[in-house]
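To start, the structure under review is shown below, and the notes come after it.
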Amino acid sequence: MRNHILVIGLLILSGCTTFPENYNEAGLQEEELALVTGSYKPGIFYTEHAVYISEVYDENGNQVLGNPNPKSWDYARLEQVRLQPGEYLFYTRCENGYSYALLNITLLVKASKTYLLTCERIMKKDFFGINVLDKIELSVKETDSYKRSINLNDKASGDF
């Protein structure tokens, strides 16, 4: 009985795994790091998709954030990450209460900049003329330290 309780306790704790949200091998000050964040406006009845960052890879293909165990069922759900400047590949998950899309995008992040990832629902009309979800696209908006927004052309899309 005691062993069963121990096993159940360990299983519960393994579901509460946390993953690092910063990559700063250069030892930069926090204000010199880039901030990449997702948008979280689920809306009424989960009409919008939230963006979670699950893995981040550097330009050499080395994983710098996320779950380092590829055989694990536990994927990271990071809402924001801070990174030293450089080019990174982001694996993201756009989800609401009813659907999700796994999208990836490559970004060149600059020091002291903020990048906002958003999921956009692309609709199409079906055979009966009813709007249905066709695909989900991931877009990026860069904001400098003065909070001025700049739209980037970087987009990733995933068929639904």
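Pairing residues of the range 88-101 that are closer than 16 Å to Val56 by Cβ with residues that are of a type in the set (A, V, I, L, M) and surrounded by fewer than 17 Cβ atoms within 10 Å (Cβ to Cβ), at Cβ distances under 6 Å and at least 6 apart in sequence or on separate chains, gives Arg93/Leu102. Selection of the range 68-83 for residues being within 18 Å of Gly38 (Cα to Cα) and of a type outside the set (Phe, Trp, Tyr) yields Ala76, Arg77, Leu78, Glu79, Gln80, Val81, Arg82, Leu83. Reported count of residues in the range 39-76, each being on the phi < 0 side of the Ramachandran plot, modelled with pLDDT of 85 or more and either outside any strand (DSSP E or B) or not aliphatic (A, V, I, L, M) (or both), is 9. Residue count for the range 77-122, restricted to those that are part of a loop (DSSP other than H, G, I, E, B) and not hydrophobic (A, V, I, L, M, F, W, C): 11.
The values are calculated or read from the model by the stated rules, or taken from the named source; none is laboratory data. Only a predicted model underlies this, so the values are computations on that prediction, with no experimental measurement involved. Note: ideal-geometry Cβ built from the backbone for every residue, glycine included; neighbour counts use all protein chains shown.
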